[in-house]
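*Asks:* Take this structure first; my questions come after.
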Amino acid sequence: MDYYFSTQLKNVTFEEAISKTKEALKKEGFGVLTEIDMKNTLKQKLDVDIKDYKILGACNPSMAYQALQVENKIGTMLPCNVIVQEKEEGNIEIAAVDPAASMQAIKNNALIEIAENVRTKLKQVIQNLNNV
């Protein structure tokens, strides 16, 4: 089982891809709690250069609340990460974690059901980006 699903946007800037991804997340009830700029961080900490790469920490509050009700340590696996990375100029990949794959290690059927619902929503985010 893959641990992510992804799509590629062509002929867009990195910032346009970030904006489109945030809009697609919002349509499915997610907010972005964190943004980690890996390009800047790795440049500052290791003095290495990579292409644009951001990690968006996405959260659907309703689903997060449900998950906390059935598994109080689930916060160790929240929020759901979505990456936006430049593959080449004008070609940006967006990938989202598959929460159902992540939750297989936890033996809690109620949590797996919630993870399946989050998976459906994140897959819809990726699908919506395909239709942009």
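The values are calculated or read from the model by the stated rules, or taken from the named source; none is laboratory data. Just so we're clear, the structure is a prediction, and the values are computed from it rather than from any experiment. Neighbour counts are summed over all protein chains in view; Cβ atoms, including those assigned to glycine, are modelled from backbone coordinates with ideal geometry.
So that you can scan it fast, the table gives a plain yes or no per residue for (1) part of a strand (DSSP E or B); (2) at pLDDT 95 or above; (3) among the basic types (Lys, Arg):
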| position | (1), (2), (3) |
| --- | --- |
| Ala24 | no, yes, no |
| Leu33 | yes, yes, no |
| Val84 | yes, yes, no |
| Lys121 | no, yes, yes |
| Gln124 | no, yes, no |
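*Asks:* From the list Leu68, Leu46, which residue is modelled with pLDDT of 95 or more, of a type in the set (A, V, I, L, M, F, W, C) and more than 27 Å from Glu23 (Cβ to Cβ)?
*Replies:* Leu46
*Asks:* Pull up segment 11-51, narrow it to residues that are loosely packed, with under 15 Cβ neighbours inside 10 Å and hydroxyl-bearing (Ser, Thr, Tyr), then point me to the one that is nearest to Gln124 (Cα to Cα).
*Replies:* Ranking the qualifying residues of segment 11-51, first place goes to Ser19.
*Asks:* Return only the number of the condition from (1) without any contact (Cβ under 8 Å) to a residue 60 or more places away in the chain; (2) outside any helix (DSSP H, G or I); (3) more than 15 Å from the chain's Cα centre (by Cα) that Ile114 does not satisfy.
*Replies:* (2)
*Asks:* Moving to a separate point now. Any chance you could count how many residues in segment 86-98 are surrounded by 18 or more Cβ atoms within 10 Å (Cβ to Cβ) and part of a loop (DSSP other than H, G, I, E, B)?
*Replies:* So the count comes out to 1.
*Asks:* Which one of these does Tyr3 not meet: (1) touching a Leu at 6+ places or on another chain (Cβ under 8 Å); (2) touching a residue at least 60 places away in the same chain (Cβ under 8 Å)?
*Replies:* Evaluating Tyr3 over (1) touching a Leu at 6+ places or on another chain (Cβ under 8 Å); (2) touching a residue at least 60 places away in the same chain (Cβ under 8 Å) leaves (1) as the failure.
*Asks:* While we're looking at this one, here's another question. Being under 14 Å from the mean Cα position of the chain (by Cα) and not small (Gly, Ala, Ser) is the filter; apply it to segment 52-65 and report the residue that is surrounded by the fewest Cβ atoms within 10 Å (Cβ to Cβ).
*Replies:* In this case the residue turns out to be Ile55.
*Asks:* Considering only segment 43-82, state which residues are closer than 19 Å to Asn117 by Cβ, assigned to a helix (DSSP H, G or I) and not aliphatic (A, V, I, L, M).
*Replies:* Pro61, Ser62, Tyr65, Gln66, Gln69, Gly75
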